[in-house]
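Trainee: I have a structure here, written as structure tokens, and I will follow up with some questions on it.
The values are calculated or read from the model by the stated rules, or taken from the named source; none is laboratory data. Just so you know, these numbers come straight off a predicted model, no measurement behind them. Ideal geometry is used to build each Cβ from the backbone, glycine not excepted, and the neighbour counts take in all protein chains shown. Heavy atoms of the whole protein, side chains included, go into the accessibility calculation; ligands, DNA and RNA do not. Shrake-Rupley method; radii C 1.70, N 1.55, O 1.52, S 1.80 Å.
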2 protein chains.
Amino acid sequence: MAAAEKRRELAMDALGNPMRRRIVKLLRAGPLPVGSIAAELPVSRPAVSKHLRLLERAELVTFDKHGNRNLFRLNPSGFDAARGWLEEFWDEALARFARAVEDELEGKR
Amino acid sequence: MAAAEKRRELAMDALGNPMRRRIVKLLRAGPLPVGSIAAELPVSRPAVSKHLRLLERAELVTFDKHGNRNLFRLNPSGFDAARGWLEEFWDEALARFARAVEDELEGKR
DNA sequence: CATCTAGGTAACCTCTGGGTTACGTACTCT
DNA sequence: AGAGTACGTAACCCAGAGGTTACCTAGATG
């Protein structure tokens with residue numbers, strides 16, 4: 001199904017940005033409110049906010065309102081998607097390579 | 001060592017672009033000259049050429065001159081790097097999560 | 001209630017990444 | 001040798017990504 005493919009592309013796109021990678025790295029330690037994330041980074045809070053929305057769409061993070069704050073945490077779903085892209089990609093590459101080798105032998109037989 | 005980290009960042013950056021992902025997907029089928037790649041894509045040959053240079057720096061592809069043509073093929077090194085990023089990332093996240101759970105139990109004991 | 005804190009969003013700016021065309025060069029082929 | 005092919009690179013263009021400041025609302029707090 002194409003939906004899975006879409007999610008993988010989204011995840012890869014989202015992770016293809018250094019600042020967003022820094023954000024998710026920060027979140028490894030546990031859930032964080034937006035402000036704390038921004039405090040660790042050389043960009044303003046609104047910038048972080050934007051990145052977080054994007055990461056959310058890519059299902060790489062989730063958040064829940066905790067009183068005043070929005071607590072963001074990692075969402076395994078998106079990382080599975082990213083890993084899925086790489087693995088499917090590589091499996092396919094190896095399969096075709098194997099087939100090529102076989103065709104090669106076939107030709108020489 | 002920081003060099004490995006650098007390579008991973010490079011690979012993730014390079015794969016964070018739809019057109020470059022399409023290029024490497026094409027290369028799964030086997031080595032291809034620049035022109036053939038461009039023929040499959042909705043962009044000009046010079047554009048593809050640029051992407052290929054970037055992919056090469058990220059060690060995602062290699063090429064060798066074959067007479068007139070430049071034959072590009074996938075380079076496992078870069079893909080290992082990308083996978084490395086994801087895996088290290090996730091392992092670390094899980095480890096910290098486990099530790100957090102333990103601390104939690106510790107506190108309740 | 002008044003104030004302070006946390007954070008989303010809009011409006012805006014800047015710059016660079018991804019694209020193009022034009023051109024030069026090296027190799028191939030007849 | 002001369003025409004044709006494959007490619008890299010330079011010069012240029014421009015939309016959009018990533019950043020900022022300003023403002024508003026919703027909870028917390030005294």
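Trainee: Roughly how many whole Å is it from the C-alpha centroid of the range B:1-70 to that of the range A:39-59?
Mentor: 29 Å
Trainee: If you add up the charges near B:Leu41, with Lys and Arg at +1 and Asp and Glu at -1, over every other residue whose beta carbon is less than 11 angstrom from its beta carbon, what do you get? Each step should come with its number before you reach the end.
Mentor: Numbers: positive: B:Arg20, B:Arg22, B:Lys25, B:Arg45; negative: B:Glu40.
That sum, taken over residues with Cβ under 11 Å, equals +3.
Trainee: Compute the helix-to-body angle for B:18-27: its Cα long axis versus the longest principal axis of chain B, expressed 0 to 90° and rounded to tens.
Mentor: The two axes meet at around 70 degrees.
Trainee: Let me ask you something else. Counting protein heavy atoms only and a 1.4 angstrom probe, how many square angstrom of accessible surface do chains A and B bury in total, to the nearest 100?
Mentor: Values: alone 7750 and 7750 Å², together 12850 Å².
Between A and B, the summed buried area is about 2600 Å².
Trainee: Further, regarding this structure: What nm distances, shortest first, do you get from the label point of A:Ala4 to those in the other copies when the point sits 7 angstrom along Cα to Cβ?
Mentor: Spacings between copies for this position, smallest first, are 3.1 nm.
Trainee: Set Lys and Arg Cβ to +1 and Asp and Glu Cβ to -1, take the dipole of chain A about its Cα centre, and tell me which of A:Asn68, A:Ala47, A:Ala58 lies farthest positive.
Mentor: Positive-end residue among those listed: A:Asn68.
Trainee: Next question, about the same structure. Helix A:76-108: angle to the longest alpha-carbon principal axis of chain A, degrees 0 to 90, nearest 10?
Mentor: 10 degrees
Trainee: List the distances, in nm and shortest first, from the label point of A:Phe97 to the matching label points in every other copy, placing each point 7 Å from Cα along the Cα-to-Cβ direction.
Mentor: 3.1
Trainee: Can you divide the C-alpha Rg of the protein assembly as shown by 2.2 N^0.38 Å and report the result to two decimal places?
Mentor: Values: Rg = 20.4 Å, N = 218, 2.2 N^0.38 = 17.0 Å.
In units of the globular-protein estimate, the protein assembly as shown measures up at 1.20.
Trainee: For peptide A:82-90, what's the mean number of Cβ atoms from other chains within 10 Å of each residue's Cβ? Please list the in-between numbers first.
Mentor: Details: counts 8, 6, 0, 4, 7, 2, 0, 8, 7.
The mean count of partner-chain Cβ atoms within 10 Å per residue comes to 5.
Trainee: Also: On a 0 to 90° scale, report how tilted helix A:2-15 is relative to the longest principal axis of chain A, with both axes built from alpha carbons and the result rounded to the nearest 10.
Mentor: For helix A:2-15, the angle is close to 60 degrees.
Trainee: Would you tell me which residue of chain B has the beta carbon closest to the rotation axis bringing chain B onto chain A, and how many whole Å away it is?
Mentor: Looking at chain B's Cβ atoms against the axis toward A, the nearest is B:Gly16, 1.
Trainee: Same structure, new question: Between copies, how far does the label point of B:Gly84 sit from its twins, in nm, shortest first, when each point is 7 Å from Cα along Cα→Cβ?
Mentor: Copy-to-copy label distances for B:Gly84: 2.7 nm.
Trainee: Considering every residue in A:12-21, what mean count of other chain Cβ atoms within 10 Å of its Cβ is obtained?
Mentor: Average neighbour count from other chains, rounded to a whole number: 5.
Trainee: Given a 1.4 Å probe and every protein chain left where it sits, what share in percent of the accessible area of chain A is carbon and sulfur?
Mentor: Details: 3340 of 6420 Å².
In chain A, the share of accessible area belonging to carbon and sulfur is 52 percent.
Trainee: Something else about it: If you average the sequence gap of Cα pairs under 8 Å that are 6 or more apart and divide by the length of chain B, what percent do you get for the contact order? Walk me through the numbers before you get to the answer.
Mentor: On the way: 99 pairs, mean separation 33.3, N = 109.
Taking the mean separation of contacting Cα pairs over the length of chain B, I get 31 percent.
Trainee: Run the helix sum for chain A: -39,500 (n - 2.57) per DSSP H stretch of 4+ residues, divided by residue count, reported at 222 nm to the nearest 500 deg cm²/dmol.
Mentor: Values: 5 runs with 77 residues, N = 109.
Using -39500 (n - 2.57) per qualifying helix, the result is -23000 deg cm²/dmol.
Trainee: With a 10 Å radius around each residue's Cβ, average the other Cβ atoms per peptide and rank A:43-51, A:94-102, B:10-18, highest first.
Mentor: Details: A:43-51: 15.1, A:94-102: 11.7, B:10-18: 20.8.
The peptides rank, most packed first, as B:10-18, A:43-51, A:94-102.
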